Amino acid sequence: MKQKRQEFKWWTSTLMTASLTMFSAAAGVTAYANASNGHVGRPDSAIYVSAVQSTGVSTSADSSFDGSVAQPENIAVAAADIASSAPPDATDIASQAQIISLQVTGTPDQVFAQQETKYLPVGNSMSEPGKWARFLRQGGREITFSLGGLRNVSSMSLSFEQNSKSGIYWPTSMEVQVSIDGLTWYVLNDNDLDATVQGDVKTFTLTPSSPVQASLIKIVFPVRVWVFAGQLHIWSVNQTGVHPAQVGTPLVPRNSSSSTGLLTSTRLNGARHILLVYTGDHGQLGKWSAQDFLPMLEYIDPNGRAESQMFDTMLFLPYSNAGGTATGWSKYLDDLFGPDGEFAHLNAAAEQAGRQVFSARTVNVIFTIPYPDSSQRNFGAVSDGGPKLNFSVADVGDEQSLQNRKTAIRWYYDEFMTRWKEAGYPHLRLIGVYWYKETDPSSDVPLIQYVRELASKDNLLLLWIPAYGTSISDWQSMGFDGVILQSNYYETTNATLQRVENAVQTAEQNGLGLEIELDGGVFTNTDLATRYRSELQSFASVLPPSSDAVLVFYAASKVLLQAYESPNTAQRSIYDETGSWLMAH
């Protein structure tokens with residue numbers, strides 16, 4: 001997730017002051033969740049994180065955060081429900097169960113591991129009342145418990161706490177495996193798995209059709225941002241249990257070396273090198289002319305000669321403060337369209353570039369659906385005389401909130417497509433739609449699939465660019481056609497180049513593209529300039545040759561353009577080295 005620095009210094013100074021009063025007991029996880037939220041309006045969120053870091057306040061889960069976000073009464077109610085559902089002759093042996101193995105299911109990351117290390121469970125701590133073990137990203141977790149001998153397990157449960165404002169989410173699923181000897185494992189039937197919710201606590205309870213013999217239990221669950229887990233219960237009975245084979249399925253070992261390959265341009269409607277273009281606010285930083293676009297479409301050497309194509313695709317997105325109302329969304333559309341709009345300027349630049357370096361005078365375009373936040377109570381009306389839409393779940397309930405959000409999306413999508421078709425840009429090709437929110441998308445799957453339904457009717461693809469460490473293995477079932485993974489190496493200053501290698505490995509295993517990042521810090525901070533060059537070199541060393549991989553560049557607001565125009569040789573070199581890198585990849 002993007003932490004972009006010093007793009008707008010006036011905002012930075014404001015936030016440096018404000019940030020001192022923004023942290024409560026949950027400050028650590030909250031700040032880290034924000035810092036890891038990718039580029040949702042990234043130039044803005046970058047300043048936020050930079051400001052926080054400048055104050056000396058930790059952006060990690062610090063010692064002041066005790067994890068007591070869940071309401072005690074919810075834990076008590078959940079525990080009472082579990083106890084009441086246990087067989088009368090059952091004994092809870094969870095306090096005797098010892099953790100003998102804790103593994104990540106995704107790609108390990110040293111930064112995330114450091115953040116969570118002092119909150120990891122040990123021994124029998126997951127059964128302690130009111131205590132939460134905490135896990136941060138890295139795909140998911142496998143926790144293996146020794147039961148201290150062969151037991152007859154009739155039921156087991158594990159609870160999870162949620163506080164989305166602090167980046168803490170329930171896992172979407174939980175798998176339970178059992179073994180007698182530690183060699184052969186069986187996955188218990190998920191039809192026997194039940195989930196109950198009490199306030200902010202969700203409890204998964206698995207009750208096999210018959211008590212099952214086991215000396216080891218393994219619990220597996222995904223981790224999208226933070227997962228808080230605890231209140232473990234394992235019920236054992238005297239009745240002799242059945243062999244695991246009778247109530248479970250033999251575990252097929254996961255092949256960690258399997259790979260589907262990187263996302264290629266042929267799978268993304270021809271898009272290969274994509275630049276994120278922020279518009280609609282912040283004066284000239286958010287307004288692109290044809291001459292601004294031209295050196296982004298073609299690499300122009302220091303002598304003014306156009307040498308080759310640079311970016312073939314522009315992904316347009318609003319700043320995070322573009323407004324979560326119908327008025328704000330309309331204003332953003334007005335910025336894109338019209339004689340002086342972004343698309344008109346890009347179309348003119350594409351025509352000029354086509355005469356110089358392109359074999360075809362066409363540039364790909366991806367547009368963004370602004371995010372309809374479920375806390376918005378007054379989005380406004382989308383038609384003359386129409387009702388004002390309220391997205392707030394607290395006000396209108398889940399079903400009506402979803403319907404109102406769909407109405408807003410449909411209005412925006414239809415308005416965009418109408419204007420696009422009327423404009424008829426001859427040198428632009430619309431190829432896709434971008435899902436704006438980069439945080440955990442599990443609660444938005446109905447919306448994501450609705451957007452995909454709209455887009456597919458116009459032969460457009462739905463694209464998502466999640467932050468590094470986000471659980472992405474199920475991206476296709478959520479409804480996305482293509483996913484680009486942020487590496488977040490550049491702005492995570494305590495991350496090593498292993499982060500880049502891990503990002504490429506994750507992308508290869510899941511069929512993703514990759515994102516490379518820089519911001520205005522490359523002009524003022526030699527360490528960041530060096531870090532950007534190291535990022536390019538590392539990607540070059542680990543990307544498969546001739547991979548045709550889809551590569552996205554986050555360059556804040558016009559950073560590459562500023563480098564191109566700079567009379568300073570060191571600053572200009574940022575543009576030249578980026579152009580050379582793109583020509584080679």
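The values are calculated or read from the model by the stated rules, or taken from the named source; none is laboratory data. Everything numeric here is computed off the predicted structure, so don't read it as measured data. Please note: Cβ atoms are built from the backbone with ideal geometry, for glycine as well, and neighbour counts cover all protein chains shown.
Here are the numbers for this structure:
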{"item": "Members of segment 426-440 found to be more than 19 Å from Tyr554 (Cβ to Cβ) and part of a loop (DSSP other than H, G, I, E, B), listed by number", "result": "Pro426, His427, Asp440"}
{"item": "Restricting segment 81-104 to residues that are at pLDDT 90 or above and among the hydroxyl-bearing types (Ser, Thr, Tyr), the residue that is nearest to Pro222 (Cα to Cα)", "result": "Ser101"}
{"item": "Qualifying positions in segment 449-473 - in contact with a helix residue (DSSP H, G or I) (Cβ under 9 Å, 6 or more places away or on another chain), of a type outside the set (Gly, Ala, Ser) and under 26 Å from Phe135 (Cα atoms)", "result": "Trp464, Pro466, Tyr468, Ile472"}
{"item": "Complete set of residues in segment 297-321 that are at negative phi and free of Cβ contacts under 8 Å to residues at least 40 places away in the same chain", "result": "Asn303, Arg305"}
{"item": "Condition check for Asn404: within 27 Å of the chain's Cα centre (by Cα) and under 30 Å from Arg305 (Cβ atoms)", "result": "no"}
{"item": "Condition met for Ile180 (touching a helix residue (DSSP H, G or I) at 6+ places or on another chain (Cβ under 7 Å), assigned by TED's automatic domain parsing to the domain that holds Ala97 and closer than 17 Å to Ala97 by Cα)", "result": "yes"}
{"item": "Count - residues of segment 512-544 that are touching a strand residue (DSSP E or B) at 6+ places or on another chain (Cβ under 9 Å), in a loop (DSSP other than H, G, I, E, B), farther than 17 Å from Asp576 by Cβ and modelled with pLDDT of 95 or more", "result": "2"}
{"item": "Matching option when the condition is in a loop (DSSP other than H, G, I, E, B), touching a strand residue (DSSP E or B) at 6+ places or on another chain (Cβ under 9 Å) and among the small types (Gly, Ala, Ser), among Ser580, Ser547", "result": "Ser547"}
{"item": "Only listed residue being touching an Asp or Glu at 6+ places or on another chain (Cβ under 6 Å), buried (at least 16 other Cβ atoms within 10 Å of the Cβ), touching a residue at least 12 places away in the same chain (Cβ under 8 Å) and farther than 29 Å from Asp576 by Cβ, chosen from Gly248, Gly324", "result": "Gly324"}
{"item": "Tally of residues being in a loop (DSSP other than H, G, I, E, B) and either among the acidic types (Asp, Glu) or touching a Gly at 6+ places or on another chain (Cβ under 6 Å) (or both) across segment 129-164", "result": "4"}
{"item": "Residues of segment 136-187 satisfying the condition of being of a type in the set (Val, Ile, Thr) and under 20 Å from the mean Cα position of the chain (by Cα)", "result": "Ile168, Thr172"}
{"item": "Among the residues listed as Phe221, Phe204, the single one being out of contact with any helix residue (DSSP H, G or I) (no Cβ under 6 Å at 6 or more places or on another chain), over 19 Å from Leu251 (Cα atoms) and among the hydrophobic types (A, V, I, L, M, F, W, C)", "result": "Phe204"}
{"item": "Pairs with Cβ under 8 Å, 6+ apart, first in segment 129-157 and outside the structural domain of Thr207 (by TED's automatic domain parsing), second among the hydrophobic types (A, V, I, L, M, F, W, C) and surrounded by fewer than 23 Cβ atoms within 10 Å (Cβ to Cβ)", "result": "none"}
{"item": "Condition met for Ala423 (out of contact with any Ser or Thr (no Cβ under 6 Å at 6 or more places or on another chain), within 27 Å of Asp340 (Cβ to Cβ), surrounded by fewer than 20 Cβ atoms within 10 Å (Cβ to Cβ) and of a type outside the set (D, E, K, R))", "result": "yes"}
{"item": "Val445 vs. criteria of a type in the set (A, V, I, L, M, F, W, C), part of a helix (DSSP H, G or I) and either closer than 27 Å to Val227 by Cβ or assigned by TED's automatic domain parsing to the domain that holds Val225 (or both)", "result": "yes"}
{"item": "Sole residue being under 22 Å from the mean Cα position of the chain (by Cα) and either more than 23 Å from Leu268 (Cα to Cα) or buried (at least 16 other Cβ atoms within 10 Å of the Cβ) (or both), chosen from Glu515, Glu577, Glu565", "result": "Glu515"}
{"item": "Residue identified as under 21 Å from Leu297 (Cα atoms) and either in contact with a Phe, Trp or Tyr (Cβ under 6 Å, 6 or more places away or on another chain) or in contact (Cβ under 8 Å) with a residue 24 or more places away in the chain (or both) among Gln562, Gln509", "result": "Gln562"}
{"item": "Number of the condition not met by Ser210 [criteria: (1) more than 30 Å from Pro466 (Cα to Cα); (2) among the polar types (S, T, N, Q); (3) assigned to a strand (DSSP E or B); (4) modelled with pLDDT of 90 or more]", "result": "(3)"}
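Yes/no per residue for (1) modelled with pLDDT of 95 or more; (2) small (Gly, Ala, Ser); (3) out of contact with any strand residue (DSSP E or B) (no Cβ under 7 Å at 6 or more places or on another chain):
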{"position": "Phe358", "(1), (2), (3)": "no, no, no"}
{"position": "Val363", "(1), (2), (3)": "yes, no, no"}
{"position": "Thr368", "(1), (2), (3)": "yes, no, no"}
{"position": "Arg377", "(1), (2), (3)": "yes, no, yes"}
{"position": "Gly386", "(1), (2), (3)": "no, yes, yes"}
{"position": "Ser401", "(1), (2), (3)": "yes, yes, yes"}
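Residues are listed down the side, and each one gets a yes or a no for (1) closer than 22 Å to Ile448 by Cβ; (2) touching a Leu at 6+ places or on another chain (Cβ under 9 Å):
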position: Gln476; (1), (2): yes, no
position: Gly479; (1), (2): yes, yes
position: Ile484; (1), (2): yes, yes
position: Ala507; (1), (2): yes, yes
position: Gly513; (1), (2): yes, yes
position: Asn525; (1), (2): no, no
position: Thr530; (1), (2): no, no
position: Ser538; (1), (2): no, yes
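Each row is one residue, and each column tells you yes or no for (1) in contact with a Ser or Thr (Cβ under 8 Å, 6 or more places away or on another chain); (2) charged (D, E, K, R); (3) crowded, with 19+ Cβ neighbours inside 10 Å.
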| site | (1), (2), (3) |
| --- | --- |
| Leu460 | no, no, yes |
| Ser477 | no, no, no |
| Thr492 | no, no, yes |
| Ala503 | yes, no, yes |
| Ala507 | no, no, yes |
